[in-house]
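This report concerns only the one structure given below.
The values are calculated or read from the model by the stated rules, or taken from the named source; none is laboratory data. Everything numeric here is computed off the predicted structure, so don't read it as measured data. Because the Cβ atoms are built from the backbone with ideal geometry, glycine has one as well, and the counts that use them run over all protein chains shown. The accessibility values were calculated without ligands, DNA or RNA, using every heavy atom of the protein model including side chains. Shrake-Rupley method; radii C 1.70, N 1.55, O 1.52, S 1.80 Å.
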Amino acid sequence: MIHRSGFVNIIGSPNVGKSTLMNSLVGKRLSIITKKPQTTRHRILGIINKSDFQIIFSDTPGIIHHPIYPMQKIMMQYVEKSLEDADIILLTTEIGKFEDVSIFNHILKKNKKIPIIILINKIDKIGTECGKNILYYTINHWHKLVPDSEILPISALKKMNQDLLMNKIISLLSVHPPYYPEDYLSNRSERFFVNEIIREKIFFFYRKEIPYSVEIYTKLFKKKNTFIYIYSYIYVERPSQKGILIGEKGKAIKKLKFFSIKSIEFFLKKKIQLKLDVKVCKNWRYDYKKLKDFGY
């Protein structure tokens, strides 16, 4: 039997639905999803294994045009790295987003031989004739900018045209044995996903600068007979942020813990005990040593 394998890397601006797309294609919630930009900070692989093919999807941080502090620069290095090993690039945008192609010029110039599929996401928002016109103008915009690329309107949320996309990807894969064992779902550890789930809940429950100033570090992940004991640190940049996270009489962090436990148990398919501590680490986003400790 002929077997095909390849790396399919998803890139694009923040908040265009890259993480939703990978989760939908893989069939597992690997990347956290919020409405806030720059939710994705790391490169996360999601792997589909079938008898005749293996697809390694790669979710990446949203492209930041002018990264300022070290964490953002490292995030953009993840994007650059994903271009080096790409067999297929899914350049993801959304309906009504008329982006300047100069943002992606380095991608297009570097990867002339690599197939690029431009995905116009969120077409489930089309409900009127006006919406259909916007889709037409969006497609036309990208046809003019990247005339040699295939363009496919999709809805990652509603899985619209997902079968078409999968068939196209499989047809473009090279004949190659699997890169990963057949039981692999991702390149990331269970600890990593615990950190991401807690961070996702912080995005949901806290506003303003708190989510962007937070990093999670799981100090202990110990499997017992009937449950997993998890001890995680929540790092913030200022003492005032620590107070906001904990809340009056600890109400805020109790709520965060409750909903984190529910999501972590759903992901791990096992009961857990979770302990959370909030610590202050001044300007950690600007500290390369601390970023390395956090897994960047």
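Using only side-chain charges placed at the Cβ, +1 for Lys and Arg and -1 for Asp and Glu, the dipole size of the chain relative to its Cα centre rounds to 1580 debye. Take the Cα radius of gyration of the stretch 154-296 and divide it by 2.2 N^0.38 Å, N being the number of residues; the result is 1.30.
For the stretch 143-296, the residue among 280, 204, 243 whose Cα projects farthest onto the positive side of the dipole built from Cβ charges is 243. For the chain, the antiparallel share of DSSP beta bridges with both residues in that region comes to about 35%.
Plainly put, the stretch 1-59 has a radius of gyration that is 1.03 times its Kirkwood radius, both from alpha-carbon atoms, as the Rg/Rh ratio.
Given the protein chains as shown and a 1.4 Å probe, how many square angstrom of residue 190 are accessible, to the nearest 10? Accessible area of residue 190: about 80 Å². Packing around the peptides 3-12, 64-73, taken as the average count of other Cβ atoms within 10 Å per residue, puts them in this order, highest first: 3-12, 64-73.
Under 5 Å between amide hydrogens, built in the peptide plane, is the criterion, and for residue 287 it picks out nothing among residues at least 5 positions away or on other chains. Comparing mean-square fluctuations of 194, 278, 79 from a GNM of the chain with C-alpha springs under 10 Å, the top value falls on 278. The C-alpha atoms of the chain define a longest principal axis, and helix 129-145 lies at about 80 degrees to it. Annotation: the antiparallel percentage among DSSP beta bridges lying fully within the stretch 3-80 is about 45. Between amide H atoms placed 1.01 Å from N, distances below 5 Å from residue 46 occur with 57, 58, 59, all of them 5 or more places distant or on a separate chain. Residue by residue, the stretch 151-167 carries 3J(HN,Hα) couplings of 10, 9, x, 9, 10, 5, 5, 9, 6, 6, 6, 5, 5, 4, 5, 4, 4 Hz when phi is fed to the Karplus relation 6.51 cos²θ - 1.76 cosθ + 1.60 (θ = phi - 60°); x denotes Gly or Pro.
Close amide H pairs (under 5 Å, H built 1.01 Å from N) link residue 31 with 23, residues at least 5 positions away or on another chain. Taking a ≥ b ≥ c as the square roots of the eigenvalues of the Cα gyration tensor, an a/c ratio of 1.5 or more together with a/b larger than b/c marks the chain as prolate. The angle separating the long axis of helix 251-268 from the principal Cα axis of greatest extent in the chain is about 50 degrees.
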